Amino acid sequence: MTASTIDAAIAAIRSLGVPDRDVAMYSTLTLKSPWMNLKWRHLCLQLGYENPQFATELWILCSRDPLFFLNTFAWLLETRKRQEWSTEERYGNSKEIPFITRGYQDRLVMEILPHLGVRDVVIPKSRETGVSWMIGAALAAWEWIFHEQTHIGFVSKDLLSANNPDDPDALFSKFEFLLKRLPFWILDERNYERNIQKNTFSNLLNGSSITAYAANADVARGGRKLWMLMDEFHFFKPGDDQAALDSTIHVTPSRIFVSTANRNRGMAGAFYDVVSSARERNGIEITIDWKDDPDKRRGLYHSEQIPGTDTYKLVIDDMAFWLEHATFDAQNSFRHPLKKGQMYPFIRDGRYRSLYYDHVWNRQGSTPQSVAAELDRDFGGATAQIFNPQLLARALKAVKPPVSHGSIQKRANKPDDWMLEPSLTPDTVNLWIDLKANNGKPPAGEYVFGADVSAGTGGEWSSYSALEGVNKETGEQVFEWRSNTLDPIQFAELAVWVCRLFHNAYLVPEINGPLGRLFINRVNTLKYPKVYRSIKQRVAFTEQTEKVGYINSDGGIELLKSMEEAIRTEKAAIHSTIVLNECSRYFMKNGKLVHSAAETTEDGAGMGLAHGDAAIAMGCAVFGMKDIPLQPAAQAPENVPLQSFLWRRQQWEAKNKAKRSLGFWDAESES
């Protein structure tokens, strides 16, 4: 077996049309079962020690493929005994075990390699998934050994987390553990140097280096790195995380942000910010979940809420496992796999669970918040999240893509009027109704619109104004507009124009503060009548008071909980992923409702992000659905005498209805 022979075999396979991703890696030669892998390792070591030429070719194979390198020569340290939840014993009492990558770890390597040294990568992970070993030891060692002048940085919350020779969990300890167990013809100990005082590892043969840093404002300042690992980034001290983020921008094009969610910080901190930014701006995110591990997912099950109720039904995902323990009785129960004579106590709460998950859940000191953070990667679940996360997950799966997009502009020849310009790509307007199928007009019906007002100053630091619309009868979202470039007065004009076109829709604006007052004053001067009004804390569509508009006295709790109830009872169908994602970022802190983006601005992160504007606007719309009664369709009396008062009244109403229903798409018809 030689590298050239393998190259020829791969070329032959490629000629058959097999995707390059499936054949380009030599790791397909390695064996993953523990016993066979040990035999494979023994064979390669024996041949390498006996034949220098074969040792050279093995070195070449390792340099080309990190997975071949790890699964053939790398070892790792596992100091823990077999856990109570595990049903398999793989390595007996051995603490030094072969580094045999799991499927999700192979995926991590394949997905991250094209981005190392090129761009930032965000890796939110579950606890105990081996990501620190994979990146801080395995991939870093592969880069450092086989590629000359490769300079890498490890950033931890403090120096001891990265460089403590007495702690086997420190990053440098894991790195050195792997190096010391390599055969000399892969890496001779005489050819590298660890300097504990300088926090460095140096490859004396090819000039590569790895340097450890503590998180602060001077991380590698003035230096140059191919890539940097920001390990357990969510656990950096508040302020230090943002400082390290700022400092490394000009040091490397490629920062690898790895962390479990920190339940003490929840939806705050620089790590939450970079995860949110990656999701909102199509950045590179590689998620590592506990369910990806075949051992931890053994016995996988979950529960689903029965629509319109608070009851959950059990759903078995790993049926192959549970069939061995089924009782086949009327209750469809299952025996406990690890405790004789007991039935398994399935927990129905909407979460995905397994033997491993339930074991962690039931341990002393474990809390729902800690499990949500450390296993489910749920930043919101780590805090007192205002919205039920399982409900939001189902709502996100049920969203429909917009039918069309556009932007609303003032007419050039009629500055007091507006028009919608269609767009083939997402813009400021999303529509979930087909206007073209209805002669360019919204279908007849009753609509409710909610509005949240911002300053409209534009730029990266300005939050958004938002206008969200729903069909009162069906509960379906039909309209969304978001922009940070219109001032409150112009936004009021736009909102009234949209509401008139939607058959004089009911408008529920949130009017807190001076911006809200500017908005509602302009609505009043436009004499738009169908606006939410309130008396003290009681609301009614028919009340005529001076309190026009919704006053948000609780930070949005009433609006969000009303929307949550409407989604849960299927009275509302929200199709905006922006709205639903914003809902997930609200949580309770010290008895007050807080949005995570606003919270992160305390230490500098999250600036320029939307602060829940679309969610508040949609909350106003859904709240308004309950406030305004659904009007039954008017039944025109038959055989109305020609030219009678009732006949003339019907003619007048029809004429005015047609005038009010001028379509979005009739941009030129009234020019």
Let me check against my output: what whole-number percent is the relative contact order of segment 103-289, with C-alpha pairs under 8 Å and at least 6 apart?
32
In nm, the gap between the two label points placed 7 Å beyond Cα toward Cβ at Glu189 and Thr287 is 4.4
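Determine, for Glu96, Glu510, Glu285, Glu564, the number of other Cβ atoms within 10 Å of each Cβ, and report the residues in order from fewest to most.
Details: Glu96 12, Glu510 27, Glu285 17, Glu564 20.
Starting with the residue having the fewest Cβ neighbours, the order is Glu96, Glu285, Glu564, Glu510.
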Extended-chain gain in nm, criterion 0.36 nm per residue less alpha-carbon gap, Ser553 and Lys95:
159.0 nm
Given R₀ = 41 Å, what would the calculated FRET efficiency be for Ala393 paired with Leu642, taking r from the Cβ atoms and rounding to 0.05?
0.10
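Length gain on complete extension for the stretch Leu77 to Leu338, per 0.36 nm per residue less the alpha carbon to alpha carbon distance? Please report the intermediate quantities before stating the final value.
Working: separation 261, 0.36 × 261 = 93.96 nm, distance 2.66 nm.
Roughly 91.3 nm would be gained on extension.
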If I take R0 = 51 Å and measure r between the Cβ atoms of His325 and Thr525 in this structure, what FRET efficiency does the formula 1/(1 + (r/R0)^6) give, to the nearest 0.05?
0.10
Once both label points are put 7 Å beyond Cα along the C-beta direction, the Ile489-Asn413 separation in nm becomes 2.6
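Find how much the distance from Gln46 to Arg127 grows on full extension, using 0.36 nm per residue of separation minus their present alpha carbon separation; answer in nm with one decimal. Write out the running numbers ahead of the final one.
Details: separation 81, 0.36 × 81 = 29.16 nm, distance 3.68 nm.
So the chain would gain 25.5 nm between Gln46 and Arg127.
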Most exposed to least, judged by fewest other Cβ atoms within 10 Å, Trp322, Trp481 sort to Trp322, Trp481
May I have the extent of the alpha carbons of segment 291-382 along their three principal axes, as whole Å values ordered from largest to smallest?
39, 34, 25
Just to be sure I understand the model, the point goes 7 Å from the Cα along the line to the Cβ. What's the resulting Ser63 to Glu148 distance in nm?
1.0
Residues of type aspartates and glutamates that Lys400 reaches as a straight line, Cα spacing below 14 Å, ignoring anything fewer than 8 places off in the same chain
Asp434, Glu476, Glu480
Please give the FRET efficiency for Met588 paired with Asn264, using the beta carbon to beta carbon distance and R0 = 22 Å, rounded to the nearest 0.05.
0.90
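Which pairs, out of Lys291/Lys397; Lys125/Lys626; Lys410/Lys571; Lys296/Lys571; Lys174/Lys397; Lys81/Lys340, put more than 30 Å between their alpha-carbon atoms?
On the way: Lys291/Lys397 19 Å; Lys125/Lys626 41 Å; Lys410/Lys571 35 Å; Lys296/Lys571 38 Å; Lys174/Lys397 40 Å; Lys81/Lys340 22 Å.
Beyond 30 Å: Lys125/Lys626; Lys410/Lys571; Lys296/Lys571; Lys174/Lys397.
Sorting Lys561, Lys472 on the 10 Å Cβ count, fewest up front, what's the list? It would help to have the intermediate numbers written out before the result.
Details: Lys561 15, Lys472 20.
Least to most surrounded, the residues fall as Lys561, Lys472.
None of the figures in this text is laboratory data; all of them are computed from the coordinates on show. Model, not experiment: these values are computed from the prediction. With ideal geometry, Cβ positions are generated from the backbone for all residues, glycine too; neighbour counts draw on all protein chains shown.
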